[in-house]
Amino acid sequence: MMADVAYDRVTYNKQKPEGKFTQLIDDMPSDIYDSFSEAQREALNEAMSTRTWRRQSVDIRLSLPLFSRRYFMTVVAGREQRPRVRRKAERVFHLLGTIGNTLFVGAITTVICSVVMVIALVYSSILVP
């Protein structure tokens with residue numbers, strides 16, 4: 001259990017890596033980091049540096065204040081670049097049919113229908129003498 005491991009955040013006796021790998025190392029207990037060989041550290045650093053978020057056609061990120069808390073919403077769309085094996089594995093962990101997803105789709109549908117209805121009512125009252 002990683003939560004039971006106590007560690008200090010002293011500087012490591014080995015050369016500290018650069019980039020995104022630094023955050024991983026900072027969150028890792030120093031005794032575990034020290035247990036890696038130099039080849040393992042380099043392999044982890046290389047693996048972390050090659051996994052970058054690619055720019056997508058649609059990338060919308062919002063942070064919304066609701067009821068004294070902040071919630072975020074992200075919409076990302078573009079050409080599918082993940083291999084089939086990864087997509088299949090992620091379907092197991094990221095289910096579409098959850099209560100939260102259902103409520104979100106229902107809320108968005110309600111808002112869109114309400115806006116269309118208001119526009120239709122305003123439009124019909126303007127055209128009718």
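No lab work stands behind these numbers, since they all come straight from the coordinates. Predicted, not measured: the structure shown is a model, and the values here were computed from it. We place every Cβ from the backbone using ideal geometry, glycine too, and count neighbours over all the protein chains shown.
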*asked:* Taking amide H atoms as placed 1.01 Å from N in the peptide plane, list the residues 5 or more away in sequence, or in a different chain, whose amide H sits under 5 Å from that of Phe36.
replied: none
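At most 10 other Cβ atoms within 10 Å and a DSSP loop assignment: could you name the chymotrypsin sites (Phe, Trp or Tyr not before Pro) in the stretch 32-129 that fit?
On the way: sites: Tyr33, Phe36, Trp53, Phe67, Tyr71, Phe72, Phe93, Phe104, Tyr123; in loops: Phe36, Trp53, Phe67.
Within the stretch 32-129, the qualifying chymotrypsin sites (Phe, Trp or Tyr not before Pro) (loop, at most 10 other Cβ atoms within 10 Å) are Trp53, Phe67.
Stretch Arg84-Glu46 to full length: gain in nm at 0.36 nm per residue minus the Cα-Cα span? Don't skip to the answer; put the middle values down first.
Values: separation 38, 0.36 × 38 = 13.68 nm, distance 2.32 nm.
This chain segment gains 11.4 nm when fully extended.
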*Which value in Å is the Kirkwood Rh of the stretch 20-129 over different Cα pairs?*
19.5 Å
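May I ask you to derive the FRET efficiency for Ile60 and Ser125 from their Cβ-Cβ distance with R0 = 35 Å, giving the value to the nearest 0.05? Display every interim value, and only then the final one.
Values: r = 34 Å, r/R0 = 0.96.
It comes to 0.55.
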